Structures are given as C-alpha cells and as structure tokens.
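The values are calculated or read from the model by the stated rules, or taken from the named source; none is laboratory data. Just so it is clear, the structure is predicted and the values come from calculations on it, not from any experiment. In this analysis, Cβ positions are derived from the backbone assuming ideal geometry, glycine residues included, and neighbour counts consider all displayed protein chains.
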C-alpha cells in the first residue's frame, strides 16, 4: 500500500513541477488547463489514499475518547493532584486500576519468576550518585531538548518534535517533498545526534519558524540530596537494574555459586520526562518489572529454548526498518537465531516468553511487534535490543525491551573480576574467572496496563439500540472476577443464598462485587461489563425454590444454570485456566429465561 | 521493682551526702569507716538491682548478633550499595526478605482491605510542593537537630541524643541525680521544644561538653524539581496519606456517595532521617501501609466494634506515662472507650484490629503495647494518637500508629466543603454539608518485618550439642512454606515421587524449595528451619515402596507419615489456618524411624 502511495505522490510531484515549468515558460491557459486537471485529480487520489490508509489502520479504530471517559468515571487511573491543577506525567491508580495492576504483577511473577526459579529482590529508589556515575547514567541518560530562543517557556523533546512535524507533513496532501525520507526520519528520530536533528530542523524550515536552539542534552534523572548535610547527591533510580547488579555477589551465593541464574525486581522507576503525554504512556514515575539473567558468555544457549523455538513472532529487524519498513512474520525463533537475526538462544527465549506473557495478559498479538533497536539508538549500556511494541491509538509504542547488555567495557556493570571468580562445578579442576553476559527483559507495567485497556476495549449495540462499552479483560487480570446480583433488592429473601455464595467465593479467594441496588438487571450487567468483570451470578426467584443460579459470561453474554453449591468452584476454575467457558456450557444447561 | 531501686538510690544518695559532710566536718577515720561501708554496700545493691532488671527485660535476651548474622547470610535484607560503601538508612530486601514482605502485605490486604471492603489506591511518590505546603509538612515536618559548633560534621537528632545520654546515665550505678526525672525525659524526649531540650542539655552538662548548638528544625522531606525547567519544586512523599486525601471526592463517588468508607494504600514513604540506625527501624526509604477511614463527625461509633470490644490490649495512656510509667492491662476496649481513655469506637476498633493483625503476623503480643501520644508530641495533623510499640533489643519501638486526625483547621486536609456535600441517603430531604472525621491507622512494613524477625528468632540445642538458630515464623508470612527433601541424592530413583509432590504443590499455589544436595538430612533441616520454612516433606526409601512421605513441623520437630497423594492438600490447609498441626498429628501416624 505505502509504495503505491509513494508512486502516486511521485507522480503528483512531477506533475506539479511540470505545471510550474509551463507557467514559467509562459504557456497558454488552454495548454495549462489539462495539465492542471491532471494535477488536481492526482492530489485528490493522494488525499483519498491517505484517508483510506488511516482507516485501515486498526489503531485508528480505537475509541480513545470512550476509553478515557470510562477510565475517569470508574477511577481506573487519574492525573495525580488534579485538585491542585495536576502535575504532567504523574498518575494515580484508583481501586480497579490498582487491582488490575496487582493482578498483572502477580501474573508476571508466576510467568517469569516462579516459572524459571528467579531470585526476586527489592532495592531502594534512592541511589547515590557514585552508582549512577559508574553505570554511565549521570553522563549519558539524556534526551535531546530544543527551546524557543525567544521564549524559554517553550521547549520540546527534540526527537518527538521531529516525529510530530514529519507526521503532520505526511498528513498534508499538498506536501511535495520526499515522503519516504519523512517516514525514515520518524523511524530513526530518537537515534539521531544533535547535529543531525539540527540539520533536519533546518531543512524542514522548522528551526527558523520556531526559533529553535541547537539541541542540547537534558538528564532525565530526578536529583536530590541524602542526609542532613546536603553534600551527598542522590538520584531516583531511572530503572531497577542497578539494584540487581550491585547485589550480584550475594545473589550468586544464594544460588549456590552456580551460573546461569536470574534476578528479578518489580518496583518504581523515575524519569524526569521533558514532555510527558499520552496518559500512562510517557510518565515521570512508573511501575516496572525487570529481569537480569546472568549467563556464561560462552554458553548463551538456553535449556528451555525448545519450548518457544517454534513460535513465529512479528519481527522488525534493523535491516527492514532501514529499507522497506516491513515486518518479518515468516521466521520461527529458531530460524531467527540460526540466521543470526537474533543474537542467541537466551535472547530469543525471553522474547518468546515475553510474547506469551503479553498475550496472556490481554495484549492483542496481532497488534504487537518486536522491533530491533538501530545501532545508533541503542542505549549506552546495550549491545543489542528488541522492543516489544504495541499498536495503540498513539501509534507503535514500546511496552517492553529485551536487552543484551554490554559488559566488556565494565562501564555500566559494577561487576568486577573479584566478584565473579566462579568455580565451574562440573570440572572442579580450576578456577575460571569470567565476566558474565546479561540478558535484561524490562517491562513497563503502566504501559502494558494501558495497552491491555485499549486492546480489550469494545462496544456493542444492545437490543434497545443503546451502544454499550465494555472491557474484554482476560479473567486472570480482571480487577474483580465475578459479580453477585440478587434480582430483587428484597434483602431478607435473597440473603441466605447470597451469603452461601459469597462465603464460598471468599473460601476460594475470588474477588467479587455484590450489586443489590435493585436496578434493572440489564443496567447492572452493563456496569459490571464496563469494568471488565468476566462473570456474573444472578440469584433469581427460581433460586429460592431449587437452589440454582445463573452464571453469565461477559463477552458472549450467554448464561448457564447450575446449583449454588457448584458456582464458586466453577468460577475458580474459569478464572485459573482450569476450564473454558465452552466446557462449562457443555456441562450445564444453557439458560434463556427464568423458570419462576 | 523500679520503686525499690529508686528507694535504694535515694538511700545511697543520702548516705553519700552524709559521708561527704562527715569528711568536711573532719570526722575521724574510725567514725567514717562504718558509714563508708554502708555506702559501699548500698552501691553494690544498686548495681545488682540494675543488672537483674536488665536480665528480666525480655528485650535483652534477644540474640541480636545471631539474628543479624542470619539476615546477612541468608540475604533477608542488606544495606544498599554496600559495594560502594553503602548509604545509611537504605536497605535492599533479598529473596526471602522480599517474599516475607509480599506475604505480610498480602495478609494486611486480606485482614484490613478485604475484611472491611476498603478502596485500595496507589498514588505517586513525587508530590508537588503546593500539596505539602497545604498539609503543613513543608513547615512542620521537622526534627530538632544539634551540631558541634566546633565541628559541623558532628551532628545529632536532638531527641535521640537526649535519650541516649539519659539511658547511659541510668546505666551508671554511681549516678546520684534524679533517676525518675531521666526516665521521664526519655519518655517525652521527642515532644520537647527546642528551648526545653537546650535547657536539659545544659543541666546535664552535655551542651558544654559537646559544644552543642541551640537545637534547630531540619525538614525530613527529600526535595527535587519536576520538569526540565527546574522551577517546579517537588518532594518525595513522607507518607502515603496525601494521595488518599486529594482523591477523596473520586473515592466517595466510587462508594456511591455513601459515608463512612475507607481508602487504603500500600507503598513507599521517604524521610531524610538525620541519623538513620538500628537496621530496618529508622531508614530513609520504607514500605508502609495506611488506611484513611472517613466517617461522619457525629457518628464515630463503629458497627463492628462489638467484634473486638472484649479484647484487653496493653494500654499506655498519657496519664500513666507522666506518672507511674505502668501499663493498663485490665481494661477491655469497650471499657477504655466508656471511661473516655480512647476517644471513640472507631479509633478503638482499629486498635483492636491492629493488635489482631500484628499477632497473626508473628509479633509477640506480650511484647507489644499501645502508647498514647503526649499532647506535646502529637504530630501537627493529629488530635489523638495511639502507637503500637514493640519491645525490641533496641527498646520500645513504634511499628504502627492509629491517629485521629485534626480537620477543623482545614490546614492539612484538602477536603473543602464543596467536596463533601453529601446527601445523607436515609433522609432524602436535604443536603447536609459536613467535614468528615478521619481515623488513620498507619503501618511501617519494614519495622513490622524486623519485629517479627526478633520476636520469632529462637535457638535450641540439638542432640549433638550444637546450638541451632531458627525463625519460628507463622506459616502465613513464611517466605517458603515447605521444603522437599529426597533422602538420597540419587536423582533417577526419587524423581517420580518428587515431581508428583512438586506438581501438586504448584497446583495448590504453595511456595516450596527442593534441597536435593545429598547432605545429611539433619543439616538440611537446620538450613530450612533457619529461614523459617514451617514444614518439610522427606522422601525416603520407604516412599519408593508404599507411596508415603514424612511431614515434619519446624517448631516441634515432630513428624507424621502420610500418603504422597495427601501431602500438598494437607500443607495447604496448615498454611491457610484450615487445620492445626495438632489436628494433622491426630489424623496421621507419628513417624519416628524409617521403615526401610
């Protein structure tokens, strides 16, 4: 598609030049007319094609306004301190957001830490300067910034400004410059040097129009001082990794001195973003989850690689970003390792496990890609990196990065040779000192939460023609697993059945919400669907006679009828992947109308 | 006891004066001799009594060095950045500490949030200055500091220096000053004004001896700037409460506009302590858990108060602190409310629930007291407060505070009248604007963890005369619930049974640790006891014949024999209060020796 747009645009450009030349050469009106018509028609075609491309982009179908309204109304998350005017880039999680986050972190813990017996630790956010100097962050953890030379209150993150300007130009049908060049700049924006950005701003005329300064680095770490004397400089950690590196020796000891092993940490990171925006996507304080897998540099194969080796991930390697911009979906992970596209088995293993995790959590696998960092954009501490990017209404967005870390320089890693004199246990004949390789999968918890919300946000037309929104959250991450709805609000009548059910749900450790508001049952379903509660138990008048209830599934809206005594156990099985809804629907009769 | 010590000391003092006077008056050696003998004997008695008091204090029996060694060796927690020399007041949790913390927080969530249907939220640590100005923290969240006028590198937290100096004097048998006065100063140290502290330092001669400055306030909040311009001042929150206050309106909405309701938050707090010390007890970054219970100011009774009303907590009210220093253990919570000692039912309800929580988590109830804040030490935002204090090797230490908050001034609470125009639902005739009262139970998670460790740290002599230490952690908080120990390290032989067991444990969500090191079983038990694993499954040669294993309980070291098929379910029941060890020992035969 994008080639034919480029072709059309090239034709349009050529035609424009032809018309201009003819005018310059003093061509007659009659001679000009057919050429101008061709140009007009080409312009219309380009415009139409841009529109249709925009429509075919699934990200543009996301009803972001509807989702934002839902998040606000149901207090999933909200800008912090809004009663004081708020602070850009800070968000609070309300009760359902908080539960969603806790469930996602618990899933992460099971999927990664428990599954691979990792060593979980929790380190401090406050970090003394010396640690971040050694790791290179004090010098290099920066973004390029530009400001209006005539108004210092007007400042921008240089790469984001460049991206925006290029995107705006692409949306302009009359733009006759090099569209492919614009698209390439968008892809490489955050890997450009200050000189390169400055040159492009000049070329596009932006520098002059906006009085932009030469791009300068801005350190993203929050600075403070520790202790009452004010002379010990500290920073809030920009990531959790350092805490695992400085504890390397202790962790190795806990693992009985054996390699490989992995440490993991869930906690807060802080980055003083120049221009926070896009809700939870670019914020200044964020929950994250990181793994440091330490492995012998000569043995980067992984014993469990075969378990993910046949997965075909949507890969976006360096080469394709710099050429045709297309995904590779034809390669298994094993093939990608074999042809050297992915560096080694361990890196590929974590990419596969990451894909499985994200899909399990509710991210749409068809709106996900793994993009390899360009050499020029690589973080100062990485020698290879693949980002898991999700397609959102804001465009492709990094939600995870699987890094292979540079340790040859010793610049980032506080791992000295003394720390890793490891006796290789199989040989027992000599000490073999080596510097371990590190694979680092890092997850932005807030970004994943936002992705899940966009990817599971749906709407459907009800019988009464009302359009209702709901979150099709997988039960494993849903804030509340089941609602309990007595059909009438008469409390004495329904109380015994309700208590029987809620006691059993408590016993099973299932989070539930009782809605005995007495509103129409359809209204109550709508409210529970909206916040993503996957199942609903309705106690009706029939329940009073035969001790049965209905169980409704959110996405299909289908219902089954079953004994009260079975319901908590069934919901437990449905929420823990022990049974599917289809299996439940086979076991119990479908329910259409109440036999009162 | 302390009265008779005081009496003895008074006698000693009088005798000393008598001897001095006699010397002054030129008494003969023979006349002096018997009086000096009396003085010497009195001194010996005082010394003996101080020693015996110290011995009878359970806090002095704690083997702190042994516990510290264990924490270090097993990486429960460790000073952060120690490879860079460390930073005082910062600690990292290693794998078992991390699991203990997660279990404690999960217990807190069940005991408080789920039990009372509270609204859990998570707010940011970064807080703009305006919020903490309004709450009074910018002005008043300070500690008094003194420094050596001749050496600014020598500085102290004034109240702690006073406490230490008084305690040192009390330990000195020859001290003839007013011991009761010293004890009173220790109790009120952190409630004294700068003028009062200065006067006492002068009286004790400390000011002169140490060249102390006049005490001056030091703000405990970490300061930073938010955004690239550097003009928006922010602080790291000193507590999580503000986030709940600024979200009050949204929370009220989520509760259907109904009062009372409670918000809760688990997260980090930051305080730039002047003199961090005592391991996890006084640190600069700490996990905490807080509740804000919003209630109508005219209805501070609590519907569930009857559930805790008959508990007799060890109370230490203001009056007793200022007089005899004795605990009141004779009052039920209901009586304490009735006589006005505790302000209201809601405050007492949370004190009772707090006591139950702490004991469930492993705090020794007999080494716990609830101390009411003195009027002069009350935080600027509180009108009453009871601290749960634990007796530790460091002395009585606050691990929780249940505050009743001041809101009349509007100084701390960002709750304006517009926010709380609540229609009282029962009447439906008018709007009744009011400012809610707030009860705030606040828990220091790190302090509670340390208390649990000290209170459950035990040692016992084994048959081989070796002294072994272990942590008698309640199963609910133990980092790992069960160990799996094949008696021989032959892997092929024991593998099938082991997998059967570990699969079943996984299915039940029970954390386990396999130790197939092949070391003597006693050594392996010692290692698992040490880290507080409450149960151990041993697969022995008999298991290969009859599919049974032994299950051992850590504290009693007794064992039972049961089918492999039953063991995961039994451990699950033992770890979730569904069954006691005594009940299990009745159901299954005791195991003494292996029937090989």
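Points to keep in mind about this one:
Residues are listed down the side, and each one gets a yes or a no for (1) crowded, with 22+ Cβ neighbours inside 10 Å; (2) more than 30 Å from residue A:541 (Cβ to Cβ); (3) in contact with a helix residue (DSSP H, G or I) (Cβ under 8 Å, 6 or more places away or on another chain); (4) outside the structural domain of residue A:346 (by the TED database):
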position	(1), (2), (3), (4)
A:449	yes, yes, yes, no
A:458	no, yes, no, yes
A:473	yes, yes, yes, yes
A:486	yes, no, yes, yes
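- Scope the range A:99-110; condition touching a residue at least 24 places away in the same chain (Cβ under 8 Å) and either within 9 Å of chain B (Cβ to nearest Cβ) or over 17 Å from the mean Cα position of the chain (by Cα) (or both); matching residues: A:99, A:101, A:109
- Residue under evaluation residue A:118, criteria (1) at pLDDT below 95; (2) closer than 30 Å to residue A:307 by Cβ, criterion not met: (1)
- Residue in the range B:139-149 that is assigned to a loop (DSSP other than H, G, I, E, B), without any contact (Cβ under 8 Å) to a residue 24 or more places away in the chain and outside the structural domain of residue B:395 (by the TED database) present: no
- Screening the range B:268-280 for residues that are more than 9 Å from every other protein chain (Cβ to nearest Cβ) and buried (at least 20 other Cβ atoms within 10 Å of the Cβ) and picking the one that is nearest to the chain's Cα centre (by Cα) gives B:280.
- Taking the criterion of being assigned to a loop (DSSP other than H, G, I, E, B) and either touching a helix residue (DSSP H, G or I) at 6+ places or on another chain (Cβ under 6 Å) or surrounded by 15 or more Cβ atoms within 10 Å (Cβ to Cβ) (or both), the residues of the range A:513-530 that qualify are A:515, A:516.
- Residue, farthest from residue A:531 (Cα to Cα), within the range A:77-87, restricted to residues that are assigned to a loop (DSSP other than H, G, I, E, B) and more than 7 Å from chain B (Cβ to nearest Cβ): A:85
- Just one of (1) outside any loop (DSSP other than H, G, I, E, B); (2) at pLDDT 95 or above; (3) within 19 Å of the chain's Cα centre (by Cα) fails for residue B:346. It is (3).
- Looking only at residues in the range B:205-237 that are in contact with a helix residue (DSSP H, G or I) (Cβ under 6 Å, 6 or more places away or on another chain) and in a loop (DSSP other than H, G, I, E, B), the one that is nearest to the other protein chains (Cβ to nearest Cβ) is B:215.
- Residue in the range B:52-71 that is surrounded by 15 or more Cβ atoms within 10 Å (Cβ to Cβ), free of Cβ contacts under 8 Å to residues at least 60 places away in the same chain, within 27 Å of residue B:268 (Cα to Cα) and within 14 Å of chain A (Cβ to nearest Cβ) present: no
- Condition met for residue A:302 (closer than 30 Å to residue A:247 by Cα, in a strand (DSSP E or B), away from chain B (no Cβ under 14 Å) and touching a strand residue (DSSP E or B) at 6+ places or on another chain (Cβ under 9 Å)): no
- In summary, residue B:143 fulfils each of the numbered conditions (1) within 11 Å of another protein chain (Cβ to nearest Cβ); (2) at pLDDT 95 or above; (3) touching a strand residue (DSSP E or B) at 6+ places or on another chain (Cβ under 8 Å); (4) crowded, with 20+ Cβ neighbours inside 10 Å with the single exception of condition (2).
- Looking across the range A:328-343, the residues that are in a loop (DSSP other than H, G, I, E, B) and surrounded by fewer than 15 Cβ atoms within 10 Å (Cβ to Cβ) come down to A:329, A:330, A:339, A:340.
- Every listed requirement among (1) away from every other protein chain (no Cβ under 14 Å); (2) at pLDDT 95 or above; (3) under 24 Å from residue A:140 (Cβ atoms) is met by residue A:202 save one, (3).
- Hey, residue A:579 surrounded by fewer than 16 Cβ atoms within 10 Å (Cβ to Cβ) and under 22 Å from residue A:362 (Cα atoms) or not: no
- Those residues of the range A:189-198 which are touching a residue at least 40 places away in the same chain (Cβ under 8 Å), in a helix (DSSP H, G or I) and surrounded by 17 or more Cβ atoms within 10 Å (Cβ to Cβ), in sequence order: A:190, A:197
- Failed item, numbered, when residue A:124 is tested on (1) closer than 22 Å to residue A:282 by Cβ; (2) within 14 Å of chain B (Cβ to nearest Cβ): (1)
- Residues of the range A:568-596 that turn out to be in contact (Cβ under 8 Å) with a residue 40 or more places away in the chain and touching a strand residue (DSSP E or B) at 6+ places or on another chain (Cβ under 6 Å), as a count: 2
- Residue within the range B:241-251 that is assigned to a strand (DSSP E or B), surrounded by fewer than 21 Cβ atoms within 10 Å (Cβ to Cβ) and either more than 8 Å from chain A (Cβ to nearest Cβ) or touching a helix residue (DSSP H, G or I) at 6+ places or on another chain (Cβ under 9 Å) (or both) present: no
- Which listed residue is modelled with pLDDT under 95, touching a strand residue (DSSP E or B) at 6+ places or on another chain (Cβ under 7 Å) and outside any strand (DSSP E or B), from A:510, A:533, A:501, A:448: A:510
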